[in-house]
Amino acid sequence: MDGADLGAFLKARRAALDPRDVGLPQGVTRRRVAGLRREELAQLAGISVDYLTRLEQGRARNVSDEVLDSLARALRLNPDECSYLHNLASPRLRRTGRCPAQQVRPAVQQLLDAMTVPAFVFGRYLDVLAWNPMGGAIAFDFGSLPPDERNLPTLFFLNEDEARALHPEFDQVCEELVANLRAEAGRCPGDPRLAQLIGELSLGSDLFRRLWAGHHVREKAHGHKRIHNPLVGELHLRYETLRLPDEPDQAIVTYTAEPGSDSERALGLLASWLATDDIDQATLRRAAGG
């Protein structure tokens, strides 16, 4: 168990919970420090204050599933946060050496290329492993980057000006990326590459440090995103994440537009230009004035 990470997560979630959300009387909620007091969380979870103190200080070992589930209920954790809590307490996988570079199977790349919508394969640490022509035309120029620099958190937090120009909802996307990275950290505690990435981002970005300290957790699943494409303007897209069953560290992410919308027409226009004029990312940068 990674006691320090578990303790930090419990303290952050306790501080973020409004006492009124757990039914405490109005008079009890007036306090100088935000969140639940330690004794309040212990009572809600049905454990002793001493045991919760040891958990938050990283001194407890072999925490039972029953205690973890009680804490999750008391803290109002969502399913992703609950999984993260269990992963920290009882990690199924601990990477102690550098993992080999991930490879995308040729059949998966063929699947991407057959899609008419933007599509990518994401790997560990939110690395972009593969994409189709539409995926390479809507935002970042992944093809011009070395493979070890095709990482979404790095592109957002260490290249902020470009990321803000492409993503009108930059702050929201950053929050999601950090929450996604937290989920990855829970699945693979002790991963040296992940620790290196978090260190680099923490040194290079005040925004990342602040968001990372919030201990928010979210698996990459589905949602909406706005992207400013330099050729066709603003795109309102929905993304879906499809995990590859035989490659648990890889997922296909697709972007689609609402049928009949301006964004669907813009994607169609971009696809036609790609097919007829062989537009590449250099053309996109010229169109953006870069």
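Things to note:
- Sole exception among (1) in contact with a His (Cβ under 9 Å, 6 or more places away or on another chain); (2) open to solvent by 50 Å² or more (accessible area, probe 1.4 Å); (3) of a type outside the set (S, T, N, Q) for Leu158, by number: (1)
- Region 202-225 - residue that is in a strand (DSSP E or B) and open to solvent by 70 Å² or more (accessible area, probe 1.4 Å) and, of those, farthest from Gly268 (Cα to Cα): His222
- Some residue of region 158-177 being farther than 30 Å from Arg265 by Cα and of a type in the set (S, T, N, Q): no
- Answer residue from region 226-241, given it is assigned to a loop (DSSP other than H, G, I, E, B) and under 16 Å from Arg265 (Cβ atoms) and is modelled with the highest pLDDT among those: Val232
- Scan of region 242-278 for residues that are of a type in the set (Val, Ile, Thr) and part of a strand (DSSP E or B), ordered by number: Ile252, Val253, Thr254, Thr256
- Options Leu177, Leu231; residue that is touching a Pro at 6+ places or on another chain (Cβ under 7 Å) and of a type in the set (A, V, I, L, M, F, W, C): Leu177
- Residue in region 131-154 that is assigned to a loop (DSSP other than H, G, I, E, B), acidic (Asp, Glu) and open to solvent by 10 Å² or more (accessible area, probe 1.4 Å) present: yes
Conditions (1) on the phi > 0 side of the Ramachandran plot; (2) modelled with pLDDT under 95; (3) surrounded by 13 or more Cβ atoms within 10 Å (Cβ to Cβ); (4) of a type in the set (A, V, I, L, M), marked per residue:
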{"position": "Arg243", "(1), (2), (3), (4)": "no, yes, yes, no"}
{"position": "Val253", "(1), (2), (3), (4)": "no, no, yes, yes"}
{"position": "Ala257", "(1), (2), (3), (4)": "no, no, yes, yes"}
{"position": "Gly260", "(1), (2), (3), (4)": "yes, no, no, no"}
{"position": "Ala266", "(1), (2), (3), (4)": "no, no, yes, yes"}
{"position": "Ala271", "(1), (2), (3), (4)": "no, yes, yes, yes"}
{"position": "Leu274", "(1), (2), (3), (4)": "no, yes, yes, yes"}
{"position": "Gln281", "(1), (2), (3), (4)": "no, yes, yes, no"}
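- Every test in (1) within 24 Å of Leu77 (Cα to Cα); (2) modelled with pLDDT of 90 or more; (3) under 13 Å from the mean Cα position of the chain (by Cα) is passed by Phe156 save one, and that test is (1).
The values are calculated or read from the model by the stated rules, or taken from the named source; none is laboratory data. Since the model is a prediction, treat every value here as computed from it, not as a measurement. Ideal geometry is used to build each Cβ from the backbone, glycine not excepted, and the neighbour counts take in all protein chains shown. Protein only, heavy atoms only, side chains kept; ligands, DNA and RNA dropped before computing areas. Shrake-Rupley method; radii C 1.70, N 1.55, O 1.52, S 1.80 Å.
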